[in-house]
Each structure stands twice: as C-alpha cells, then as structure tokens.
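Asks: Before I ask anything, let me first share the structure, which is written out below as structure tokens.
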C-alpha cells in the first residue's frame, strides 16, 4: 500500500468525515465494552457458574493483553501501515467479540476476552495515528478533538446500552452488537481511509519484550487471584509469583539489551517521568476497584437493576467531557502541582463516601453525590497528569511517554482488581452473596480511597522539584487530546508531531484511550 501524500484532508471535507467516522466507530466498540462488561458481571457469573476468580479474570484478561501489547500495536502500524494494522485490529476485535458472545463456559469466555485485548491494542493506537497522518496540520487538532468528544459520548451511552440489552435480552448481546459495527468500520476503512507508514522506522518490533510483559502480568494476576480462593500457601500462588519475578527480570534484561526496545529503560532515569507515572499507577489503581465493584454491588447488595447500576458512573463521564478543557486551562495558569494534589484527594473523599452503600442505598446521597465528587477529582487530575508526563521527555519521545503512561495506568487497575478479593477476604461465590459482598465492598472502597489519597500526597511532594524542573514543554498539537476527555479509565493519549514538510508519515500515538 502506498503512503498517503499531498497536503492532507480537510476537517469539513467529505473524505475527512469518512476517515473520522471510521476511527470513531472503530474506537467506540472498545470504549463500549469497557463500560458495559462490568454491568454484565452478575449475569455472566450466574450463567457461566463463575466465582470471584472467574469474574476477576473476565476483566483482567482484556486489560492484561491490552497493557502488554499496546506499544507494539503502535510500532506495527508505523512499520507495516497504520490503516492495515487498524483493519486487522478491528477485525480481530470483532471475531473475539463473537467468541465472547458464544462462549459455552468461563474458560472460553476469558480466553476470548484476552483476544479482545490484543485487538484493542492494535486498533486504538491506529485510530489516532490515522487522524494524525490523514488530516492537514491546521485541521488535525479539530479532528482529534472531535474523535475524543465522540469517544466520550460512546463511553457515556455504554451503561444505557448495556443495561437495556441486559433487560430485554442476554449479556451475550453486549458482545454480539459489536459485530455489525465492526463490519461497517471495515467497509468504510477499506474504501475511504488512506494508508500511511513511517518510512524512517527501523529495526524489529519488540515482540519478545511484549511477550515477557504479558507473562509477568499474567503470572502475577493468576497468583493474586488464586490467593483469594486457595490461600498464600497454594502451589499456584507460589509458582505464579515466582514466574512473575522471573518474567520481570527477563523483561528488564530484554529492554536493557534490545536494539529497539519496546520501553527504553532510560526514560525511567528522569525523576519527573518516573514520579508522575507512580502517581498515575496509584490513581488508576484506586479507580480500578471502583469501576469493577460499584456496579456489581449496587445490583447484588442494593437490588438495583442493570440499567440503574450502569448509570451510577455516568456523572464521571459527563463531568470530564464538560470540564476537562477548563481544567487544562487552570493547570496552565497555576501549574500542575495544585491540581495533581487536590484532584486525587477530592476523588479519595468521593470513593470513601461510596463505602457507605448498603442494602437500602439511596441514589442521591449514597451514589450521585460521591460519584460526582469522584468525577470532579478526576477532572482536576487527568489533564495535568498527562501534560506533565509528556513534558518530562523530549519531543521525539512524547509518543513513547504517552504509551508508557497508559500501560502503567492499565497495570495499576489490573493488579488492584486481582488483589482486592485477597484484601477483602471475598471467597468464591462472594459476588453473588449480598451478605459477604457488602462488608467486602466497604473495605475495597477504603483501599481505593487510600490509594488516591497517597497519589495526592505524592503529587504535592513532587511539586517542589520534579514537577517544576525546567523541561521542554510539548506544544498543543503534541499534547493532542490531553485537554479533552478521551476516556474515563485511562489517561488521554498524545501524539507525536509531524515534522514540517512531512507528507503523512508523522508520529504515532503510543497508548490507548479506552476498554
């Protein structure tokens, strides 16, 4: 396939609208799954006879492969064609969604979810890369802004759609509905989306590094999940932890010695980059338990329907869509230290407030107000967190920084979801037992609040040196959608700038905005 050439597409052109439609719809299938699967967990567990471990893996299998392979997905697009890899990712996601829908047992379902994560790792970096390389420079920010805004809408309608599908049909329809959307995306992409690649890309894609990262995360997650049901003395727990440590050592050795590493270890020598990623890990670890446990608890403990439970998190999306740009402007005026301190602390108060949910939970005092507080805290946090991590590196590494930051965020959520059953003492069948789930949920929310409070404290401590250290700041175009809402559960994704005079082979996004 030939590289795209010429001045690029205009935002108002028919050709530009087709490209935008393909990328928005392609990303939306992943965004919808990110918000509706949690709602369906009680139904999935009852239908497939899954306990705590099975339902944990229903979420973590997807997150694990997505976190491990998202950087590779961007690199593959650079080398072999961004449209080509996007098409492969969308088709892969569609086939995996069909496999989820027809899964006869929990093991098959978890395997299909892992395959969905691989598809998401291929399609989501490609979506932003296509926008970056297809539109002319003066229209690029508008296109990315439209993409991120429509992505927020997709995340917002997920609870509505998921709750409605569960009410009128089966949880399997949540995955079947992806198939016709995927077919539409493939038809539009093949016909209307131009191809592009990075002619300067050299070396091999670091599949070995990605494989070791996946092995490390899988082994750690398996060990923590088994710990909840079998105890710390279990062979599965001990063997899993050993494999995780060995895989981590192998990953670090590989990234240190590889000619073209997936994650150059040198970036971690920069104090600001390392510090902000620690804050990111803590913030999204704190959020992981909320998004996973809240909708389940509202259904099992409080007796809410799937639609009502799904709508519980809607205020977060609405607040971030409406006020993230203003939060970015506030961060510009005051610097990132204050919002990176106050934001997580406000979110922590909201999460601690949620711990009061019980059998007689009322919407406004027990759900709406604390969730709104959580949303306000996240709105203050996400933009300065993202812009600071991008400013910690030089221009040529801004895409890498964004990708690493997204992978760190997903890893935080992945590990906390796996460890919470251990911390709360929730055993097999606990997600179906209101008497066991209610006290466990209280502990889980307090753990999440503690993680967010720790993130806020660290954000404040960093301000004296790391955050204010003089570094080259990224331009508005480099930040991409950092001042717009891209997704609830991971940081916004930035894109590398296209050098002046380039013709469609500009930088790629490294990271993933959804699922």
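The values are calculated or read from the model by the stated rules, or taken from the named source; none is laboratory data. These figures come from a predicted structure and were not determined experimentally. All Cβ positions, even for glycine, are placed from backbone atoms using ideal geometry, and neighbour counts span all protein chains on display.
Asks: Working carefully through the options 315, 384, 325, find the one that is touching a residue at least 60 places away in the same chain (Cβ under 8 Å), outside any loop (DSSP other than H, G, I, E, B), within 30 Å of residue 271 (Cβ to Cβ) and out of contact with any strand residue (DSSP E or B) (no Cβ under 8 Å at 6 or more places or on another chain).
Replies: Only one candidate passes the filter, namely 325.
Asks: When you go through (1) closer than 17 Å to residue 306 by Cβ; (2) surrounded by fewer than 22 Cβ atoms within 10 Å (Cβ to Cβ); (3) over 19 Å from the mean Cα position of the chain (by Cα); (4) in contact (Cβ under 8 Å) with a residue 12 or more places away in the chain one by one for residue 157, which number turns out not to apply?
Replies: Result: residue 157 fails condition (3) only.
For every residue, the table says whether it meets (1) surrounded by fewer than 24 Cβ atoms within 10 Å (Cβ to Cβ); (2) farther than 25 Å from residue 70 by Cα.
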{"position": "129", "(1), (2)": "no, no"}
{"position": "134", "(1), (2)": "no, no"}
{"position": "145", "(1), (2)": "yes, no"}
{"position": "150", "(1), (2)": "yes, no"}
{"position": "153", "(1), (2)": "yes, no"}
{"position": "165", "(1), (2)": "yes, yes"}
{"position": "172", "(1), (2)": "yes, yes"}
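Asks: Can you tell me which residue among 275, 266 is in contact with a helix residue (DSSP H, G or I) (Cβ under 6 Å, 6 or more places away or on another chain) and under 22 Å from residue 391 (Cβ atoms)?
Replies: Working: 266 fails: in contact with a helix residue (DSSP H, G or I) (Cβ under 6 Å, 6 or more places away or on another chain).
Answer to the check: 275.
Asks: Which residues, taken from region 62-79, are more than 13 Å from the chain's Cα centre (by Cα) and under 30 Å from residue 104 (Cβ atoms)?
Replies: Passing the criteria: only 73.
Asks: Among the numbered criteria (1) surrounded by 17 or more Cβ atoms within 10 Å (Cβ to Cβ); (2) closer than 17 Å to residue 376 by Cβ, which single criterion is violated by residue 357?
Replies: For residue 357, the exception is condition (2).
Asks: In region 322-340, which residue that is buried (at least 24 other Cβ atoms within 10 Å of the Cβ) and at pLDDT 90 or above is farthest from residue 451 (Cα to Cα)?
Replies: The qualifying residue farthest from residue 451 (Cα to Cα) is 339.
Asks: Test of understanding: among 236, 232, 228, 249, which residue is outside any loop (DSSP other than H, G, I, E, B), under 30 Å from residue 419 (Cα atoms), modelled with pLDDT under 90 and more than 24 Å from the chain's Cα centre (by Cα)? I'd like the intermediate steps shown before the answer.
Replies: Details: 236 fails: modelled with pLDDT under 90; 232 fails: outside any loop (DSSP other than H, G, I, E, B); 249 fails: modelled with pLDDT under 90.
Exactly one residue qualifies, and that residue is 228.
Asks: Search region 251-270 for residues that are surrounded by 18 or more Cβ atoms within 10 Å (Cβ to Cβ) and pair each with any residue that is not in a helix (DSSP H, G or I) when their beta-carbon atoms are under 6 Å apart and the residues are at least 6 apart or on different chains.
Replies: From residues that are surrounded by 18 or more Cβ atoms within 10 Å (Cβ to Cβ), the pairs are 255/261; 255/263; 261/206; 262/206; 270/392.
Asks: Consider residue 48 against the criteria (1) buried (at least 19 other Cβ atoms within 10 Å of the Cβ); (2) over 29 Å from residue 404 (Cβ atoms); (3) under 24 Å from the mean Cα position of the chain (by Cα): it satisfies all of them except one. Which criterion is unmet?
Replies: The failed condition is (3).
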